[in-house]
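Chemist: The structure that follows is given in the form of structure tokens.
Read the figures in this text as sums done on the coordinates, not as results from a lab. Here the structure is a predicted model, which means the values were calculated and not measured. Please note: Cβ atoms are built from the backbone with ideal geometry, for glycine as well, and neighbour counts cover all protein chains shown.
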Amino acid sequence: NSIFNSSSLFFIRPPTTDPFRSQSHHLPPKAKAAAAVISDNLVFPDPDFSQQAHVPNFHKYAEMYKRSIEEPAEFWSEMASEFHWNNKWDQEQVYSENLDITKGSIHIQWFKGGITNICYNCLDRNIESGNGEKIALHWEGNEPSHHSSSLTYNQLLDRVSQLANYLKQNGVKKGDSVIIYLPMLMELPISMLACARIGAVHSVVFAGFSAESLEQRIIDCKPKLVITCNAFKRGHKVINLKDIVDSALSGSSQNGTYVGLCLTYANESALKREATKWQTERDVWWQDVVPNCSTKCDVEWVDGEDPLFLLYTSGSTGKPKGVVHTTGGYMVYTAATFKYAFDYKPSDVYWCTADCGWITGHSYVAYGPLLNGATVVVYEGVPNYPDPGRCWDIVDKYKVTIFYTAPTLVRSLMRDGDEYVTRYSRQSLRVLGSVGEPINPSAWRWFFDVVGNSRCPISDTWWQTETGGFMITPLPGAWPQKPGSATFPFFGVQPVIVDEKGKEMEGECSGYLCVKTSWPGAFRTLFGDHERYETTYFSAFPGYYFSGDGCRRDKDGYYWLTGRVDDVINVSGHRIGTAEVESALVSHPKCAEAAVVGIEHEVKGQCIYAFVTPVEGVGYSEELKKSLVLSVRTNIGAFAAPEKIHWAPGLPKTRSGKIMRRVLRKIASRQLDELGDTSTLADPNVVDQLIALSDS
Ligand code: 6R9
């Protein structure tokens, strides 16, 4: 097959089995054409689906991919010209990059000199092309009985413009940062877009983060204001968000960062205004001021390389990193990835279950879909409330065609049984998506067979906060899938797998996943710390961006992500640094030392397992365990709470004092016959003590 032999497609080795030729042998009879055909662990797309897809076959992909690698400037300029630019970018230098630390400072630029605005491209542009009356956002509340609402593109523009005007009146200018701490209300994407409209840099903090985490982020980025709401409901719980903000703002002002304005949306279905604690000189009700502002707001035209947002994410060390994305490249990249990886068509109704507090919500609830003029469902609640059928109820209610979620949800719904799924029609669905962690083949099968009735391709999208958009992903209909593999790279992405020494490996192999050249959606720096950007991502393997993930490439060139290789734990698709959890534990007055590892968990993918040494004289008790867990909840957030506290009289350390996490991982997962070499430990007895305390 010529596609596989094309030498410029260096990442693909000639397969010993040819999935694409065998496709013709397995073409389903016309009557059965609705279901994809499964053979040799390959899941072939339904030919009718392929025929209507943007990329109908591997050949077309290979052609486009080749061009994207050989002529990136031309390829991405074409993609970019779908958007409105007041001024074209520098035609001589569409992009410029240095990813090689040995050649000087790392820099990436795309569409420099191009003058644009992403909010304009999401809203005004779609309205001008005749889609003003199309629904932009459907909002579905936590309670099924709650009145749902929707906004057309025209209405969304009005709402965004009013808030943008309010921000301007309050002195927010281009380049200023704004913290948005909101649950999944319509006001969350509205706030993001309003910031973008006036060139302000938004920093959304997931509403599950604690006061301490919020305070830390406020101190780091010094926002002009905080946008929040008084309270919200999640499942049965009411969360008083404003109390958390109050505590974060008082903490930050004691630490020298005073924020004088807290714009608070009154979410009265959760808590009445009268019941909300209030600081008159600082707090303002959204509903008292924003609706009075004009619905016309001129956009602030910005450079393609002006920052759009920062989003904090966890790394291997304690302090969260402020990942910075800029405007032009991010815009073009999120729009293109959304269109191709979900085979998006204007008639689609799209629902992504992610919260806008994470990168998935930024790129694939807000920007990517809206840039494409899509109709997006925004859901406030938890996906299994009031029962495990809620997702399919929502799918049927809005006739959702593209459903994008995380493996952890798939696994938990799978456990609840098929009846919750099959009682709903789900006939509208045509593409499914997965993100956040590797999807295990059995969950993939269930998602495919039960949820999608074996007719919807699954886009298992591998990417990261840092990458801005999809990096390795199926293009639905274009090639056979292998359950559990993210398949092939997106246009313009050159993944490489390197060994310990940073040597690129060819063909079938496994090692560390890196990327060779820049892509438009790449992050440009870490807020206020370019040096940390360079050392964290570009110094491990000079010449490449290092993802932190392990990866295998099989004989057919398919990529299989194998999880993080650094000290980052992935719990239900949420990235949590071991060091962050350790420092939260150690902040407890009775904790002398702590070491945290991630172990496998049936539903969450991984969970947090903590080894704790109490201070001298403090005994082991259930109370202490509870209060240690509480310490993590208040320092980071409930989602980071350890599943298990394991008492440790001492921790296994090397003579140089490094904790041997490898040993701890084995003890935690009870793989005691795989402890490996413990002879370099300063005190090998520690291991036996730990094993003895396993069930205490
Ligand atoms: C988008 C997002 C990034 C980390 C990443 C990897 C894991 C995400 C995945 C996946 C295997 C997939 N990850 N998608 N692993 N297959 N389809 O999740 O961003 O929160 O920054 O996490 O998530 O380990 O390095 P982020």
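Chemist: Which lysines does LYS242 reach when only Cα atoms under 16 Å apart count, and residues fewer than 8 places away in its own chain are ignored?
Modeler: Reachable lysines: LYS233, LYS272, LYS277.
Chemist: Which one of TYR424, PHE58, THR654 has its Cα pushed farthest toward the positive end of the charge dipole of the chain, where Lys and Arg give +1 and Asp and Glu give -1 at the Cβ?
Modeler: TYR424
Chemist: Could you name the aspartates and glutamates in cross-link range of LYS626, using Cα to Cα under 12 Å and dropping any fewer than eight places away on the same chain?
Modeler: The reachable aspartates and glutamates, counting only those whose Cα sits under 12 Å from LYS626, are GLU643.
Chemist: Next question, about the same structure. Calculate the length of the line joining the C-alpha centroid of segment 496-515 to that of segment 574-637, in whole Å.
Modeler: 34 Å
Chemist: Taking 37 °C and 0.692 mPa s as the conditions, I'd like the Stokes-Einstein D for segment 575-659 in µm²/s, using the Kirkwood hydrodynamic radius from alpha carbon pairs.
Modeler: D, rounded to a whole number, is 252 µm²/s.
Chemist: Summing +1 for each Lys or Arg and -1 for each Asp or Glu, what net charge is found among the other residues whose Cβ lies under 13 Å from the Cβ of PHE232?
Modeler: -2
Chemist: May I pose another question? Given +1 on the Cβ of Lys and Arg, -1 on the Cβ of Asp and Glu, and no further charges, what dipole in debye does segment 277-344 carry about its Cα centre, rounded to the nearest 20?
Modeler: Here segment 277-344 has a charge dipole of around 360 debye.
Chemist: Now for a different question. Please compare each pair in LYS103/LYS516; LYS604/LYS644; LYS103/LYS319; LYS103/LYS501; LYS60/LYS339; LYS88/LYS112 to a cut-off of 20 Å on the Cα-Cα distance and tell me which ones are over it. Mind showing how you got there, number by number?
Modeler: Details: LYS103/LYS516 15 Å; LYS604/LYS644 14 Å; LYS103/LYS319 28 Å; LYS103/LYS501 18 Å; LYS60/LYS339 15 Å; LYS88/LYS112 9 Å.
The answer is LYS103/LYS319.
Chemist: How about segment 572-656: which chymotrypsin sites (Phe, Trp or Tyr not before Pro) there are in a DSSP loop, with at most 16 other Cβ atoms within 10 Å of their Cβ? The partial results should precede the final answer.
Modeler: Working: sites: TYR609, PHE611, TYR620, PHE639, TRP647; in loops: TYR620.
Counting only loop positions with at most 16 other Cβ atoms within 10 Å, the chymotrypsin sites (Phe, Trp or Tyr not before Pro) in segment 572-656 are TYR620.
Chemist: Pairs of Cα atoms under 8 Å, at least six residues apart: use those to get the relative contact order of segment 304-396, whole percent.
Modeler: RCO, segment 304-396: 21 percent.
Chemist: For segment 83-203, state the average projected area of the convex hull of the C-alpha atoms over all orientations, rounded to one decimal in nm².
Modeler: 10.7 nm²
Chemist: Give me the net charge for the shell around ARG532: Cβ to Cβ below 12 angstrom, other residues only, Lys and Arg +1, Asp and Glu -1. Mind showing how you got there, number by number?
Modeler: Values: positive: LYS319, LYS321; negative: ASP529, GLU531, GLU534.
Neighbour charge sum, excluding ARG532 itself: -1.
Chemist: Which is farthest toward the positive dipole end of the chain among ILE608, PHE49, GLY676, measuring Cα position about the Cα centre, with Cβ charges +1 (Lys, Arg) and -1 (Asp, Glu)?
Modeler: About the Cα centre, the residue reaching furthest to the positive side is PHE49.
Chemist: Using unit Cβ charges (K, R positive; D, E negative) and no other charged atoms, how large, in debye to the nearest 20, is the dipole of segment 520-560 about its Cα centre?
Modeler: The calculated dipole for segment 520-560 is roughly 120 debye.
Chemist: Normalising by the residue count of the chain, find the relative contact order in percent from Cα pairs under 8 Å and 6+ residues apart.
Modeler: Numbers: 1507 pairs, mean separation 96.9, N = 696.
With pairs under 8 Å counted, the relative contact order is 14 percent.
Chemist: Looking at segment 423-464, I'd like the Rg to Rh ratio, where Rg is from alpha-carbon atoms and Rh is Kirkwood's inverse mean 1/r.
Modeler: That ratio equals 0.99.
Chemist: Right, next: Could you give me the radius of gyration and the Dmax of the chain, taking only the C-alpha atoms into account and expressing both in angstrom?
Modeler: 25.1, 75
Chemist: Before anything else, pin down the relative contact order of segment 343-494: Cα pairs under 8 Å, at least 6 apart, normalised by residue count, whole percent.
Modeler: Working: 250 pairs, mean separation 29.3, N = 152.
Once normalised by length, the contact order is 19 percent.
Chemist: Also: Give me the distance between the Cα centres of segment 551-572 and segment 388-436, rounded to whole Å.
Modeler: Going from one Cα centre to the other spans 25 Å.
Chemist: Something else now. Might you report the magnitude of the Cβ-based charge dipole of the chain about its Cα centre, with Lys and Arg at +1 and Asp and Glu at -1, to the nearest 20 debye?
Modeler: The dipole of the chain has a size of about 460 debye.
Chemist: In deg cm²/dmol and to the nearest 500, what is the mean residue ellipticity at 222 nm of the chain if only DSSP H runs of at least 4 residues count, each as -39500 (n - 2.57), divided by the residue total? Spell out each step's value before the answer.
Modeler: On the way: 22 runs with 196 residues, N = 696.
One gets -8000 deg cm²/dmol as the mean residue ellipticity at 222 nm.
Chemist: From the residues GLY573, SER454, LEU513, which one has its Cα farthest along the dipole of segment 432-577 in the positive direction, the dipole being from +1 and -1 charges on Cβ of Lys/Arg and Asp/Glu about the Cα centre?
Modeler: SER454
Chemist: Related question: If Lys and Arg each add +1 and Asp and Glu each add -1, what is the summed charge of the other residues whose beta carbon sits under 11 Å from the beta carbon of LEU310?
Modeler: Here the charged neighbours net out to +2.
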